[in-house]
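In what follows, a single structure is set out as structure tokens and then discussed.
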Amino acid sequence: MSMKRKLLLILFVILGVGAILTTALVLTGLHLNTPTKGATINSYENPRAALLVIDVQKDTTSNTAYGDTTEFVEKINQAITFAQTNDIDVLYIKNEYGNNPIIWLLSRGKYREGTDGAELDSRLLVVNDNVFSKSIGDSFSSKTFEEHLISKNIDTLYIVGADAAACVYNTAQGGMNRNYNVNIIKDAIITINTDTLNQMLTQYTSESINLIELTQLQKPTQPK
């Protein structure tokens, strides 16, 4: 084989590998950001509410793109304190990625299972052992998380955490797909900048996802 043909063969191999890797990255990215679907929840005689604290982990709050996260964590702790004293179940959801190198590449090495960065932020108020791990954006991808909601007769969700344009949004969609009453506490979520946050708030409203402020958080009224 001539040198020219060898070089062309090498070039084709490189291009082929690149195409395969690019396709894998795109498909994995889509998978990570696709909300799940599931069965519609029952109409409970005595429904309850849950506060979902999403991805408040060291790898999240140490991300310089978010700037100073002190106020963000404080707002979430206020929501947790309210929930704890008003019979609202508090659930902590974490990103935890296993041994998929494609996901490691997309996440830039963050949220690897068993690492310190995947642990909850030390400033976060942790009031119970309701900690669930997910491997994609939508918290409903965790079977144990969904089973917990059903076992507690929960039909109303209050969502705080990160990221407003990713896991918070995907979880809200997952809840809507199952007919939960979904509420996002807009002053206790975070994303990379104000413009993106405002865009997401508009997106939530367009999809009938309820937006409330922390001061509007209240225990759902029980049916008579």
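The values are calculated or read from the model by the stated rules, or taken from the named source; none is laboratory data. Everything quoted here is computed from the prediction, not taken from an experiment. Glycine also receives a Cβ, built like all others from the backbone with ideal geometry; neighbour counts cover every protein chain displayed. Accessible surface is based on the protein model in full, side chains and every heavy atom, while ligands, DNA and RNA are left aside. Shrake-Rupley method; radii C 1.70, N 1.55, O 1.52, S 1.80 Å.
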*What tally of residues in the stretch 118-139 results from selecting those that are assigned to a loop (DSSP other than H, G, I, E, B) and polar (S, T, N, Q)?*
4
*Which numbered condition trips up Phe145, out of (1) modelled with pLDDT under 95; (2) within 30 Å of Ala39 (Cβ to Cβ)?*
(1)
*Taking only the stretch 65-118 into account, find how many residues are under 30 Å from Thr215 (Cβ atoms) and either at pLDDT below 95 or not small (Gly, Ala, Ser) (or both).*
29
*Specify the residue that is farthest from Ser122 (Cα to Cα); the eligible residues are those in the stretch 64-94 that are among the polar types (S, T, N, Q) and without any contact (Cβ under 8 Å) to a residue 40 or more places away in the chain.*
Thr85
*Scanning for something at pLDDT below 95, surrounded by fewer than 20 Cβ atoms within 10 Å (Cβ to Cβ) and more than 13 Å from the chain's Cα centre (by Cα), does the stretch 120-138 turn up at least one residue?*
no
*Among the residues of the stretch 46-55, is any β-branched (Val, Ile, Thr) and at pLDDT 55 or above?*
yes
*the stretch 155-179, residues that are under 8 Å from the mean Cα position of the chain (by Cα) and open to solvent by less than 10 Å² (accessible area, probe 1.4 Å)*: Gly161, Ala162, Val168, Asn170, Thr171
*Which members of the stretch 139-154 meet the condition of being of a type in the set (Gly, Ala, Ser), open to solvent by 40 Å² or more (accessible area, probe 1.4 Å) and in contact (Cβ under 8 Å) with a residue 40 or more places away in the chain?*
Ser141
*Could you list all residues from the stretch 51-81 that are surrounded by 18 or more Cβ atoms within 10 Å (Cβ to Cβ), of a type in the set (D, E, K, R) and not in a helix (DSSP H, G or I)?*
Asp55
*Look at the stretch 174-188 and say how many of its residues are within 20 Å of Thr60 (Cβ to Cβ) and touching a residue at least 60 places away in the same chain (Cβ under 8 Å).*
4
